[in-house]
Structures are given as structure tokens and as C-alpha cells.
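What follows is a short report on a single structure.
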């Protein structure tokens, strides 16, 4: 019988494909404003198959309008090679997304291959978060629900026309000089290539505008993440070979000098084996880990532990996971089959019992993203041809590995009713509700800034970490960017001392401090204090992310899609509803800033600027380069050094604009648990009417986090 | 019925894969010393499916020994994702090949993805000649007969072991500092990933040694190419916007100044449309092309024409090829379905009637290799999802496009009984017998040198072209490399004047010559004269390539596989049997040279060196940095400015070594036709015995190309 079937299959294989080609596209409403198109046999291991439940009520509450095309205008074809999807594209649409892209922003006119990798590889599309997803200024988003390596031709793959003289396609360049001057193959489709697939699902997130489409994607993924309040403070990762004593000393340094810090991170050597991981404390450096955890807790520090998900033979998890892992090793360790729920649960259960239950506040998953470079050795991670017990292949596991780690680890923190913010080096679609910040070894400052607005298209949290620098000024500029991002992180895994005492790596490790170390330290403290002032505002922005899907950090084009001047602006971005950040790089104290329509205020000088044009602005290193939109009520807290259950913020409200009526909200809860999901929170309405401020508190949370102390109008 | 079959297929798809996995590997002797393993359903469009006939007699004449493993030790598995091949690898084997690799040489320990591209993309494996093929110092070669994008893990993909403490895999690094210091996943297999395939053929080329394995591959492909003798002279490509008058002027410059030159190349603007191509003379610049061809022929110049294979709507070929092309355009032009023989014939027939029959000696196929960069526009070339009438997909067409162009064009030159040497930017496996030199826009001089030994592993001809430079010295060093390569090519497509009059592009185009232009020109002439002296020796080396498959340009490891010191040497190489070239780069006149076992002579100083160690050698820009192996008879000709039917070389023989007995051969034929394949050639045996030289001429060629004038012993 088997032979007969085999014979039949081989005989009719081409015919079978023809049948597939002729298959009908089926379309359903997956959620309000979310259409799902399906063709053929759908892969088992798609990003959506692992997604959390959609926020259906919030989706229904969004304004609703159709995409500029009928979903049925999307063409889907199954070929012998895979699936091809063609999505209509008008001449003036601009496209953004594809996850955490590095070195590209507006993706129109590019070919993108969002494949998980630690290196952007000349802008091919390789990224830490390879999302098969984009949004359009046309007011919609598209998600190709696949974990396969997929290529998007963003209006660049032009078909042969029946009429050879059709204006489609480039002019007839006569030489490469002409040619490279700009002519490109032009197409009114985004063409998507999904080799290996024999069926596909396409999600269409409707507008009416790009911002709503992004909200819709985020809410369909389950809504944004509300990190614990302490995660909005300062995180500092200590040198990899620090002992418990050195960690205590570093904690004491922060408190003695009144420098804000909420989290200390330990790097590889806290374990007995790290590449791959044992998940066992290295007792030479840390003879009594529980003492460390408890003492630091008393000083209001959280601890975050570095790890891989690759399980070393020395690990207690090894024998348990051996039959639940892929058939190839990474750094001698197992690759757990995270596509399998039991495997995820076992991995998480060990982490819960051994670490989380004992007070470890979070983890950092390093090098889960594959590499083409790996410092000369060609690659790390498992090969794409790996096989896993669940049936997922190595290619799809690559794309999903970081995402599934998040899913595993967040289950355990939810079980403990304790929120966290993980650090991860890989993610994918439907990660919006996962409390994890992406980071990268790519260290170019302009790229780090660009990734902040890029993160907002795709429901991601991006953490542009500060390491060493080439000057004090660069160090301070990088610190500013960290302060103006979702997570303020110093990664000193190879630095004996904080980088603000010595920006140069070699000198830092020889304890040679800069002559002006104390002045630079004071400036850093000033910048970090601004961060702490901003926590209530940021916390509210994340609450809006959770409840309404509005990304707290957004490109200008998200808020101003009609303004063509912002289509390419990737070095400015919105924070919450009222703040525009324009970070500086290098050693200059000037930069160009474009301000969109409306009026804006320089936060530092309080000078008013008319929008719709660019300005050369000056910014000193001790002030944050931010502008505030007219009509904003900006609640700013008296800075604290950390937050804990007892923290109450004293808040001054600044009102930007003369004789305006304006309002904002603050989100008030315990700051650390999931109780708010059961309604255990307050909303503070802060409104300004006729020269007077009003506070209205509604909700069920029975303690106080915010005290509004004053109001000030800025004209 | 169709529905029933469809139902059956969907039902048993996983089962069918299980059946495939269980399938037997079949093994046949494809030719003497060439084994072919097959599993499953073989793709229709493999490189081998387009190959020329093997040189069976020459294969049988090779010494014969088995590979260090049984071919049956190769494991092949068909999975849901594709095919996985595992080839045994011992600890001390070194691997080379994968086509024209750029920036990598010894491939052991690397992951390589030989995919056609104009850019090496951080050494992922992208290349102009993406061959799924490697050779081993173990004395064998492996070719995976696929046109799909394939990944080779060269001993880097380690499986999980039953015994977790097995020494396989890296040590337990504690930090990335430890880790990146060198530990790698180690495996005793080369693991090959061929996604999308449902069957595969693997060819094993047996030794006994690596050199014989390479010969065997080359002979199985049909034997090497013997270019026309004029192609071993100097080729000069003129500025893209030159008119006929400017071309004449350039030709006159060469002859007036006695600077050797055989070929002038015209760049894009000779056509009415170039990006894509019309294949129609641009009569504004060239009002009477036949006059140009004829006049230059009288001055003993050949003409080579630049082109794409992308057919512009303005081309007479457009309507003919429209139904024979892919469904996507490139630069507005058709992509002919070269996998179809009729399409190749039609493309070639037009070129024959319009150009070759009228005296055009050759073509240059540009930008047939895809790009990930394309100067910011994201990509050129057709998408992988393209469909073609023959049934080949875009991915496989990408890999084969340059190869199939060569096949098409060489058919026409064979039909005219006129040999040529094309320039191409893409090739693949089984290209050995095709008369085409690869070139690249990658312009780093060390990479250009490395590609010379790399070409020899894979049956390719590499042409490191000279453009502009940053100094006179660099220009002369690049000229030396060009002289010491398969094709000596100056590509001045953007230079008004020869680069030796002004190396700086801007000044060159403003006709601002260097103060020492005449001195540099004299040095270039001296170097090119050396090239012309070497033609008989080179021509014989190519004849050995044709008849025995010995690559004329080879890495040292090919001739000295037992010498571990040469495993990584990629900046020296053998030319023919007796010459070792060690080109210099940059502005220094010194470099380290490793000389393998035996004795060697500096060609210039005639100083003798003992091999098996390195020396710091000095080389001035007017002398070629070459060493001659003891025991070599080196026939050197009195330089000519060009070759034609009447050319007779006056030859002095140098004999390297004291009191030795030695011999070499020269290959004598008409130099331009295929008549030699019918035996119409002579072999000159040049032997040295007891202090006296002997010439013995055998064969059927009835004219004289070589006159041996003198002998000299060098001790």
C-alpha cells in the first residue's frame, strides 16, 4: 500500500501543484478590523499559532475603516517552489516595519528578507526580530503568518507587461552612471516569496490610518506590555567576572552617590558553565546567592541573570530535556524544543523554582539569534536542517526561538503574579504582549536611535544599551538616547567601573579615571534623574500600549502620516502623546530637527517653535533634546533613585500652550503585579481648563502612587 | 479524479516523506573514478543536466584510487524541508572550493552558502560562481548536483551525542572572551542543507590526491578551455561613452607606443539601449560599425562588446523572446528562459548573425549575478519567485543564468569554428570547458589575488581587472597581478585615458597626466611585454587544462597537499608546472613568500632558495614577483604586441637547476579555431639532458608557431 501511494504521489506531484494553484482564497474576519485570508495547507508552526488571545473589546473600540483595497484584491498563488503573495500598492504609499530593522527605515523600494540574525548584513533585512509584517501610510498593516524565511519585494519586482511601452519599469539607462542615479524597477505590488510553503495565511489590519492599523496589530496580538515600574528606571549590568563582593560594592556606589538604579544584571560567569549554560550558580564567585538577592533587595535592587537557552551537559536540566531537544547542539548544549508546550513548561519550571521563586527579577537571553559572522567561526546556533521532536524544522525554530523563550519565561512570572522585563536578542510577530526588551551588539549610535522609531511599527521594545565610548561627549549622548528609550540600560559586562568615570575601555579596566570623572558623573546623574522624573508619564504611555495598543515610542510618520516631510525621518520620534525626542550623536552640540505641523516647545529653553519646518537646535550634554507638543499636559515627578511598593511620586504638571484646554492621564496601580488586569488600578485625569489644573482619580486601586503638587503654564 | 488524487496526496503527505526517508541510496560509476549517488526524485534543472560530455578517455588515463571513505558512507536523507547530505570528514582534512569565493580560502570550519551575487556579503558564501562543490586534502571532491540555494556546514554542525561528555563540541567557555578565542562546534561531517529538494545526486570525484580529484572534476565537466591565443594577450576596455573616433585613437595610441594589446572592449553605450539591452548599434557614436570592426582587424585588434542578457523592448529580439522569458522584468527587459534550448539558440542566432559573423570576437555579460546592494535600490535581477516557460524557477535560474549564457554563446562560436574568451559575472558547476573569464566589481587587491588560487579548485577562469588606483605603485602592483592571471584586463569604462598615464580617476578624466606618466607607461609596457613572453608557456598550460584537466592557475595546496604550511596560503599560487607567483599589494616593495619543499629560483635575480620556509623578498614594480621551481624548462618568447595567424614566437629556454634532466612541452596549433580537437596540433617536447637542449615536434599541424632560439642553464 505504501508503495502504491508513493507511486501515486510521484506520478501526480506536478498535477497536485496545479490543483493548489487553482485553490480558492478563503477570507474570514479574525477580529474587528482584522481580516484573515487563507490558501492551501497552513504550516503548523506559525507565529500566530503561538499568539496570546486578542484584546477583542479594545479592537472593537477602535475607529474602523477599510483598507484602500479589498482584501480580495490580494493575490495568493501556490507554486512548486512555495507561495507567492501579491498585495496592491499605490504610487504614493510608504512602507515601514519588518520587525527591528537596522539601517533601514522607509522600506518602499527595497527588497527585505526578515531573517533572524545578530548582524544586519548590508541591509538585506536580517534582524533580531524578523517579522513578516509591514504597515503602510495607506492606512493598513499586512502580516504574512509564516515562520519560514520570507522575502518581501516592496514595490521592486516588476512583471513583464503585455504592453512593452508601459511606463512601469525604469527608464532606459545608457550607463551605470545613469542607472545608479535612481531608476528602479517599479511595481504596484508588494510581492512576497515564501519558499517551501504549500499554503499561507495573510492578516490584513485595517485603519483608517497607519496608527490605528498598528494599534490593531498590537491589540490582535493581545495588547502591549505594561512593564513593572522598576523596569522604567535604570538597569546596570556589571562586569562578567564580578564576584558577589564586587556586586555589593557596585550597588553601594550607586546608593552612596545618589545615582538612580533599579536593576543590577549579572553576566555569564555567575554560572558554572555559560557557553552553553548550566543554570547553576558559580559558587566560587557567588558562595551564597540567596544572601546576595536578599541584601540587594533590602537596598531596593532587582537582579537580572544572563543566560542562553542552550542547555549544557552539566545542567540539571540536561537529562530532562535531552529527548525534548533538537538533534544538533549549540556550544555543546541542547536546543530545547520550545515549540512544544511541555518543554517550555519544564524549562520555565526549573527557572521558577531555582531563581524566580527566590527573588530573581528577570533574565537576559543572549545569542538566541544566529549569526553569519560569529567572529570568524562562520556561525553559531543550530543549523536550519535541525529536526525537533515537535516536528518544527530548524529554519522555523530559528525565527521563533526568541519569541518562544519569552512565552515560556513570562508564563512563570505570571504564575508568580510578578511582572518582569526580560532582555532578549530575538523576537518575532505577536510579541507585543511579552515583557521583553530587544538589544543588539550592533553599536552604531545612529542605528540605535533609528531602531527606536522602527520598534514602534512592530510592537517591539528596544533598548539601546550604553557601553564604552570614544569621548565623554559621546558617552553622554548615548546616555541621553538610553534615557529617551524604553529601557535605560548600561551594559558594563567588560568594564570594571561605570563608563561615566572612564569612557575608554582599556583605561576603565586599569581603574584610570578621567580627570573630569566627577563632573561627567554629575551630568549622568542629572540625565538619569530626568528619566526618573519621566516614569509616571512613561508608565501611562505603556498603559495605553497595553489597553489601546498605542506604541509608547513611535516614528513621526505614525502620528503625522499626511506630512511627506516625515516619511524618511528616523532620527526623531514621539514618546507618549506629547514628547518629541531628537537625540544627538557624536561630538557636536547641534543638529537639525524637523517639527511637524502645530506648535512645539523646547523643553529646556521653553522657546516656542512653529511646526512644519526644520530648525538647527543646540543641546548641551546635561539637558535632554526633547520638544513638547502644544496642548500637552506633562506630569513630571520629583526624581527618586528607585521605585518600590512605598514609592509615591510628587508631580509637577507643565501645561504647554497659552489659554488652552488640555488633559492627560496617569495610570496608578501597584506597579509590579498583574492585579491591574482584574481592574485593580486607577486612572488619574489631569486636566487644564481656563488656567487651572484639575485631578480626577477613578478606579479600584486603594493606594496612592502619585501626588500632584503643582501646575505651570508654559507659553 | 483530480479531487480524489488531491485528497490522497494531502492525506498521505507526511507518510510519503517517511517513505522518502527510507529510500535506498543508489550508486553508479558515472565515469572512471567518478561515483554518482542518487536518492529520490531528481530536479530537472541541475547543473549537470546542462553539462557538456565528459572527457572519458582522459578520465580513464588518470591514476586511480579510492576516496578515504566509501561512497556508501555518505548519508542522504529526504525530510519535509528538503534534502540533507552528510559527508564524512576526518580531523585533519582541509576543504577548498565552492566556486569563486571572495574573502575566504580554506573553508574548513565555515558555513558556506554559495549563492550567486555580486557581493560577498560578509563572507556568507555569496559569489559570482556559486558552486555546490568542494575538494579536500583527503584526496577527493564532492559535488552536490543542485541549482537550489544550498548551505554547507564544513565540519561546524555538531549533532547531540548520546554521551554528553564526548569531546565533540567546544570547551565550556565561561565568557565571550574565552569563547570567541577559538572554540567552535566541531563535527566529523560536512553537512549539506538543500531546502526544497525531494531528491538529490551527489558526485564523488576520487583521487588519489586533491590535484587528481580536481582534474577528474574538470575532465568530467568536459575538460578545460583552450582560449584563442589572442585572449592571452592584453585586453583594454574603453570608456563607456567613446565614439568610433575615440576608439580608433585609443587603438592608435597602443600601436604608436608599442604597448601590447589584442582586444578592445566597448562598454554599454555602443547600444541604443543598455539597461536593459537592445543589441543594436548606437549609430550616434558608431555610424559605421563594420568599418570599425574591419579597420581594427587590420591593426590586429579584436572587439568585445558589453551586454546584459536582459532584452529591452527596443530590441529586435524582444517580440521573438517574449513568450520564451520569465514573468518578471529586469531593468524593463525580458529575462530569456535560457533553461530552454530553443531560447538559447534564438539568443545565440541573433548574436551570430548580427555580431559574430561580422567579426565581433567576444562579449561581456554584466550584472547577470543578482545583487543585495545595487547601490541603495535593494536589488537588481529577477525575483526568485519568477516563473519561466521551461518550468525552472527563479532561484535555480539565478544560479544557472551566467552558466547558460556561456553555453548559448559558445555554441555560436563553435558553429563559426572560432574560439573566443567571454567575460561573465556569473558561472556555476560544469563551466570548466566554457571559454569565459569571471570578473567582479569587488576591487580589493588582496581579494583579487586570493581569487586566482580559488579559481583553480573549481574549474574557473578569473580575471582581476585593473581600473584606477590610489598611487602609481598600486597601479603597477595591480598590473603585475593582471599579468600573472588568466586574463590581463584593463577596464577603463570610466577613464578617458589609460590608468598608467593617470591613476586618479578625476584627474584622468580631466586629461591631467602624472608628471612621471611616461616612466609609468614604460614600466607598464615592460610588465605587459613579460606577459607576451609568457604566452607560449601559458598556452601550453591551458592545453594541459583542456587535455588533462590540470588548472593553469592553482593554489600551492593543490601541488603540495602534504605541506601543512600551505593550507592557508592564498596570496601565492602556481602558474603552469614551474612558476610560483607572489604578487605584492599596496605601496611596499617587500613581502613574505613561502616556498614549498624543493629548490626555487627568483626569476629576476636568479638567486636560489631552499624551499620549506618563508623569505622576505624585495620586488620592484618593473619586475614580476615570480619564482621558478628547480627542474623547470621555462620557454620565454620575444614579446610581440599582438598575435595573429602569422605570429611566430622566437623562444629562449631557461633551464632551472644544475646538472639536471628536465623537460616541458609547448602546444602548437592555429591558435584560433577548434581544429586542434580533431588532432590538428603539434606537441613540442623541450628537453634538457646533460647540459644540452633538445626539441622534438610531433603532430599533424603543418605550420610553425614557435622557433626555439636558445637555451640557458640557471644554477
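The values are calculated or read from the model by the stated rules, or taken from the named source; none is laboratory data. Only a predicted model underlies this, so the values are computations on that prediction, with no experimental measurement involved. When we count neighbours, we look across all protein chains shown, and the Cβ atoms used for this are built from the backbone with ideal geometry, even at glycine.
Name the single residue that is surrounded by the fewest Cβ atoms within 10 Å (Cβ to Cβ) among those in the stretch A:318-333 being outside any loop (DSSP other than H, G, I, E, B) and over 27 Å from the mean Cα position of the chain (by Cα). In this case the residue turns out to be A:319.
Hey, any hits in the stretch B:47-61 for a residue that's at pLDDT 95 or above and within 12 Å of chain A (Cβ to nearest Cβ)? Let's see the steps before the verdict.
First, the residues of the stretch B:47-61 that are at pLDDT 95 or above: B:47-61.
Restricting the remaining residues to those that are within 12 Å of chain A (Cβ to nearest Cβ) gives none.
Checked against the condition, which is being at pLDDT 95 or above and within 12 Å of chain A (Cβ to nearest Cβ), the stretch B:47-61 yields no hits at all.
Being surrounded by fewer than 23 Cβ atoms within 10 Å (Cβ to Cβ) and assigned to a strand (DSSP E or B) is true of residue B:652. The residues in the stretch B:602-635 that are surrounded by 19 or more Cβ atoms within 10 Å (Cβ to Cβ) and under 16 Å from residue B:260 (Cβ atoms) can be counted, and the count is 1. The one condition from (1) assigned to a helix (DSSP H, G or I); (2) surrounded by 22 or more Cβ atoms within 10 Å (Cβ to Cβ); (3) in contact with a helix residue (DSSP H, G or I) (Cβ under 6 Å, 6 or more places away or on another chain) that residue A:343 does not meet is (3). Here residue A:159 passes the criteria (1) within 14 Å of another protein chain (Cβ to nearest Cβ); (2) under 30 Å from residue A:33 (Cα atoms); (3) modelled with pLDDT of 90 or more except the one numbered (2).
Residue A:522 passes every criterion in (1) surrounded by fewer than 19 Cβ atoms within 10 Å (Cβ to Cβ); (2) assigned to a helix (DSSP H, G or I); (3) touching a residue at least 12 places away in the same chain (Cβ under 8 Å) apart from (3).
Can you spot a residue in the stretch A:560-575 that is more than 30 Å from residue A:92 (Cβ to Cβ), not assigned by TED's automatic domain parsing to the domain that holds residue A:56 and not in a helix (DSSP H, G or I)? No, the stretch A:560-575 has no match at all. Scanning the stretch B:575-601 for residues that are surrounded by 16 or more Cβ atoms within 10 Å (Cβ to Cβ) and in contact (Cβ under 8 Å) with a residue 60 or more places away in the chain, we see that the one that is farthest from residue B:713 (Cα to Cα) is B:585. Here residue B:99 meets the list (1) within 12 Å of chain A (Cβ to nearest Cβ); (2) modelled with pLDDT of 95 or more; (3) buried (at least 24 other Cβ atoms within 10 Å of the Cβ) almost entirely, failing just condition (1).
Check residue A:441 against each of (1) at pLDDT 95 or above; (2) closer than 30 Å to residue A:243 by Cβ; (3) surrounded by fewer than 24 Cβ atoms within 10 Å (Cβ to Cβ) and name the one condition it does not meet. (1) is the only condition that residue A:441 fails.
One line per residue, one yes/no per condition, for (1) closer than 17 Å to residue A:104 by Cα; (2) in contact with a helix residue (DSSP H, G or I) (Cβ under 9 Å, 6 or more places away or on another chain); (3) modelled with pLDDT under 75:
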residue: A:133; (1), (2), (3): yes, yes, no
residue: A:144; (1), (2), (3): no, no, no
residue: A:151; (1), (2), (3): yes, no, no
residue: A:164; (1), (2), (3): no, yes, yes
residue: A:169; (1), (2), (3): no, no, yes
residue: A:175; (1), (2), (3): no, yes, yes
residue: A:188; (1), (2), (3): no, no, no
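Tell me yes or no: at least one residue of the stretch B:376-391 is outside any strand (DSSP E or B), farther than 28 Å from residue A:82 by Cα, in contact (Cβ under 8 Å) with a residue 24 or more places away in the chain and within 13 Å of another protein chain (Cβ to nearest Cβ). No; the residues of the stretch B:376-391 include none that is outside any strand (DSSP E or B), farther than 28 Å from residue A:82 by Cα, in contact (Cβ under 8 Å) with a residue 24 or more places away in the chain and within 13 Å of another protein chain (Cβ to nearest Cβ).
Residues considered: A:252, A:314, A:239, A:284. Of these, the only one that is surrounded by fewer than 24 Cβ atoms within 10 Å (Cβ to Cβ), within 8 Å of chain B (Cβ to nearest Cβ) and out of contact with any strand residue (DSSP E or B) (no Cβ under 7 Å at 6 or more places or on another chain) is A:314. Among the residues making up the stretch A:62-79, a single one is within 14 Å of chain B (Cβ to nearest Cβ) and surrounded by fewer than 16 Cβ atoms within 10 Å (Cβ to Cβ): A:75.
What about residue B:667, is it crowded, with 19+ Cβ neighbours inside 10 Å, farther than 30 Å from residue B:585 by Cβ, at pLDDT 95 or above and not assigned by TED's automatic domain parsing to the domain that holds residue B:539? Against the criterion (crowded, with 19+ Cβ neighbours inside 10 Å, farther than 30 Å from residue B:585 by Cβ, at pLDDT 95 or above and not assigned by TED's automatic domain parsing to the domain that holds residue B:539), residue B:667 qualifies.
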